[in-house]
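What follows is one structure encoded as structure tokens, with my remarks underneath.
Please treat every number below as a calculation from the coordinates, not as lab data. What you see is a predicted model; the values in this text were computed from it and never measured. Positions of Cβ are generated from backbone atoms using ideal geometry, with glycine treated the same way; all protein chains shown enter the neighbour counts.
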Amino acid sequence: MNQTDFELLSSILKERSGLVLTPDKTYLLESRLVPIARKRGMAGLEDLVSSIRQSKDEAVLSDITEAMTTNESFFFRDQKPFDVFEKEVLPKLLESRADKKTLRIWCAAASTGQEPYSLAIVLKENAAKMAGWRTEIVATDLSNEVLEKAKSGLYSQFEVQRGLPIQFLVKYFNQVNEMWQIDASIRGMVQYKPLNLLENFGGMGTFDVVFCRNVLIYFDQDTKAEVLGRTAKIMPSDGMLFLGGAETVLGVTDKFKPVDGLRGVYAVA
Amino acid sequence: MKKCLVVDDSKVIRMVARRILEELNFEIEEAVDGQDALDACNRTMPDAVLLDWNMPVKSGIEFLRDLRKTDGGGDPVVVFCTTENDMSHIREAIEAGANEYIMKPFDREIIEAKFAQVGLL
């Protein structure tokens with residue numbers, strides 16, 4: 001791919017999703033956008049780029065953005081954050097919210113649903129301690145396509161084997177032909193909404209816990225700071241933010257501070 | 001170094017599993033069926049067993065039931081690795097004392113994830 005084509009695509013992605021594409025990710029453009037070109041009857045990436053040059057077709061631009069921002073996801077990805085949520089964060093919230101008995105969680109980059117469903121499973125496993133509680137998991141993603149998959153709760157045999165303990169598969173999934181579908185009782189705990197983190201999300205209410213993992217890494221410093229700043233505004237003073245393993249607030253924003261002893265967890269500053 | 005017994009009647013599967021598990025720092029012993037596996041366990045109890053279901057002489061599930069009745073046979077972490085991919089087989093395996101269950105085809109990532117989940121890594 002030539003420099004001009006790369007720059008055009010990366011500027012489109014930056015503008016629409018905040019994604020910063022570095023030249024070492026050129027292979028990703030090729031592997032993810034060639035199928036989009038083919039779907040439209042074009043030979044390859046060059047044709048796709050020249051069609052964008054001729055007319056900024058919204059459907060094409062939207063497909064490109066979705067394809068480039070869709071990430072792999074596993075159930076209980078990295079395991080540790082879910083343990084920390086269950087063993088450290090949840091007990092504190094159950095105590096501090098004992099009067100109101102409400103808990104709201106936001107998965108800010110829900111992708112194909114594995115993260116919100118993992119959290120729903122954790123809540124379900126702790127149901128005995130949460131009798132009478134109203135819990136909400138709001139899961140958002142930029143991509144409508146992944147949200148459709150997330151809502152269906154249908155996963156391949158390969159997907160259910162990455163991160164999901166077999167006991168949970170037996171307990172919370174039903175076999176549907178070659179696929180595995182997460183049970184309606186878990187699906188019903190998660191509300192999916194399309195959302196671009198670059199746009200205003202102030203209207204969603206406040207969240208006690210925010211999972212925003214492995215999405216900030218694609219943003220530049222200013223965008224990270226700006227998104228985190230707006231996130232802090234929709235969290236109570238004792239709210240907890242979970243970031244991905246390669247992400248931090250240090251040197252990015254002073255709206256959050258690391259929590260001692262809990263890696264990847266940040267408190268509202 | 002932890003010891004893993006790889007039980008499968010397919011030489012190819014044993015070889016693939018051995019390669020993956022050796023990279024994960026396991027010492028590997030192989031068995032070709034459930035009886036062979038039980039004999040191996042009676043000689044030295046492994047830390048983990050990667051277990052196929054359908055095998056001649058003695059099946060994986062029969063081996064597992066026998067193993068769990070053996071002295072010290074409650075200790076090894078048993079991970080099924082089989083083409084049997086329906087809920088009833090999975091339930092049967094868990095009831096017989098399996099700790100995890102891999103549905104073939106598998107790859108390195110699945111083995112690694114499952115072994116990590118049961119605390120072997």
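Over 28 Å between Cα atoms: which of A:K151/B:K114; A:K80/B:K3; A:K101/A:K151; A:K25/A:K56; A:K171/A:K224; A:K80/A:K255 fall into that group?
On the way: A:K151/B:K114 26 Å; A:K80/B:K3 26 Å; A:K101/A:K151 26 Å; A:K25/A:K56 23 Å; A:K171/A:K224 38 Å; A:K80/A:K255 24 Å.
Going by Cα-Cα distance, A:K171/A:K224 fall outside the 28 Å limit.
Taking the Cα atoms only, what angle lies between the long axis of helix A:45-54 and the longest principal axis of chain A, rounded to 10 degrees?
Roughly 80 degrees, rounded to the nearest 10.
For segment A:3-69, just say rounded, prolate or oblate: build the C-alpha gyration tensor, square-root its eigenvalues into a ≥ b ≥ c, call rounded for a/c under 1.5, and beyond that prolate if a/b exceeds b/c, oblate if not.
The shape class here is rounded.
If you take the charge dipole of segment A:3-69 about its Cα centre, with +1 on Lys and Arg Cβ and -1 on Asp and Glu Cβ, which of A:A59, A:T26, A:S11 is farthest toward its positive end?
Towards the positive end, the residue furthest out is A:A59.
Restricting to bridges with both residues inside segment A:80-268, how much of the DSSP beta-bridge set is antiparallel, in percent to the nearest 5? Don't skip to the answer; put the middle values down first.
Numbers: 13 of 31 bridges.
Among the beta bridges of segment A:80-268, antiparallel pairing accounts for roughly 40 percent.
So if I restrict to the alpha-carbon atoms in segment A:65-196, what is the Rg, and what is Dmax, the biggest pairwise distance, in Å?
For segment A:65-196, the Cα-based Rg and Dmax read 14.7, 45 Å.
Round to the nearest 10 and give me the degree value, 0 to 90, for the angle of helix A:26-39's Cα axis relative to the longest principal axis of chain A.
Rounded to the nearest ten degrees, it is 80.
Can you bin chain A into rounded, prolate or oblate? Criterion: square roots of the alpha carbon gyration tensor eigenvalues sorted a ≥ b ≥ c, rounded for a/c under 1.5, prolate for a/b above b/c, oblate for the rest.
Numbers: a/c = 2.25, a/b = 1.45, b/c = 1.56.
Oblate is the answer for chain A, as a/c is 1.5 or above yet b/c matches or exceeds a/b.
What are the aspartates and glutamates whose alpha-carbon lies under 20 Å from the alpha-carbon of A:K39, with same-chain residues fewer than 8 places away excluded?
A:D5, A:E30, A:D47, A:D57, A:E58, A:D63, A:E66, A:E145, A:E148
Run the numbers on chain B and let me know its relative contact order in percent, using alpha-carbon pairs under 8 Å that are six or more apart.
On the way: 204 pairs, mean separation 26.6, N = 121.
It rounds to 22 percent for chain B.
What net charge do the residues around A:L29 carry, taking every other residue with its C-beta under 12 Å from that of A:L29, with Lys and Arg at +1 and Asp and Glu at -1? Intermediate values should be presented prior to the final figure.
On the way: positive: A:K25, A:R32; negative: A:D5, A:E7, A:D24, A:E30, A:E46.
Counting the neighbours of A:L29, the net charge comes to -3.
Does anyone have the angle between helix A:114-125 and the longest principal axis of chain A? Alpha-carbon axes, 0 to 90°, nearest 10?
10 degrees
Which whole-number percentage describes the relative contact order of chain A, with Cα contacts under 8 Å and a sequence gap of 6 or more?
On the way: 391 pairs, mean separation 45.7, N = 269.
Computed value for chain A: 17 percent relative contact order.
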